[in-house]
Amino acid sequence: MALYSEKVMDHFKNPRNVGTIDNADGVGEVGNAKCGDIMKIYLKIDDDIITDVKFETFGCGSAIASSSMATELIKGKPLKDALELTNKAVAEALDGLPAYKMHCSVLAEQAIKRAIIDYYEKNGIPYDKEAYADREDDET
Ligand code: FES
């Protein structure tokens, strides 16, 4: 059996939504201390809807595929839905990741959350800090 699904390979080779957004409403950057990979997410938000999203990922193929899939999953969606996106949902949408690569999908979940929190903070919108804290203990 191939190590990576066709969807992972497709999103790795043809990543969707790569780039930056000028004057983004929210920007989130996270890194994985162990592998050193970095992911940055840019959001354009209009009336609580994510109207555009772009990413820059300096990382492994699974991180690139996860970023690409995650941006596809939240584009056009309300912030509430994006905040509920888990790394497991990203991995499932990619038809799975090898167990030792699941931490790569955590970057996508965390970068999106940080970008939304950045938007909330820039606009003085209150949010539940505890609910949106990074989940250090759920990387697999
Ligand atoms: Fe670092 Fe995949 S190995 S994010």
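The values are calculated or read from the model by the stated rules, or taken from the named source; none is laboratory data. Everything numeric here is computed off the predicted structure, so don't read it as measured data. No Cβ is skipped: glycine too gets one built from the backbone with ideal geometry, and neighbour counts run over all protein chains shown. The accessibility values were calculated without ligands, DNA or RNA, using every heavy atom of the protein model including side chains. Shrake-Rupley method; radii C 1.70, N 1.55, O 1.52, S 1.80 Å.
List of remarks:
- Among Asn87, Asn17, Asn32: highest mean-square fluctuation, GNM of the chain, C-alpha pairs under 10 Å: Asn32
- Between 0 and 90 degrees, the angle of helix 61-74 with respect to the longest Cα principal axis of the chain falls at about 40 degrees.
- Protection proxy ranking for 19-29, 41-51, using the average of other Cβ atoms within 10 Å per residue and placing the highest first: 41-51, 19-29.
- Stokes-Einstein translational diffusion, the chain - Kirkwood Rh over all Cα pairs, 0.890 mPa s, 25 °C, in µm²/s: 166 µm²/s
- Under 26 Å from the Cα of Lys88 - lysines, other chains or at least 8 residues apart: Lys7, Lys13, Lys34, Lys40, Lys44, Lys54, Lys75, Lys77, Lys80, Lys101, Lys113, Lys129
- Peptides 63-70, 106-113 ranked from most to least packed by the mean count of surrounding Cβ atoms within 10 Å: 63-70, 106-113.
- With the whole protein complex present, Cys35 retains an accessible surface near 60 Å², based on a 1.4 Å probe.
- Against the chain, whose longest principal axis is taken from its Cα atoms, helix 102-122 shows a tilt of about 10°.
- Report summary: the helix-based calculation at 222 nm, which adds -39500 (n - 2.57) for every DSSP H run with n ≥ 4 and divides by the residues of the chain, gives -12000 deg cm²/dmol.
- Extending 7 Å from Cα along the Cβ direction at Glu29 and again at Thr51 yields two label points whose distance is 2.6 nm.
- Surface composition of region 58-140: carbon and sulfur make up 52 percent of the accessible area, probe 1.4 Å.
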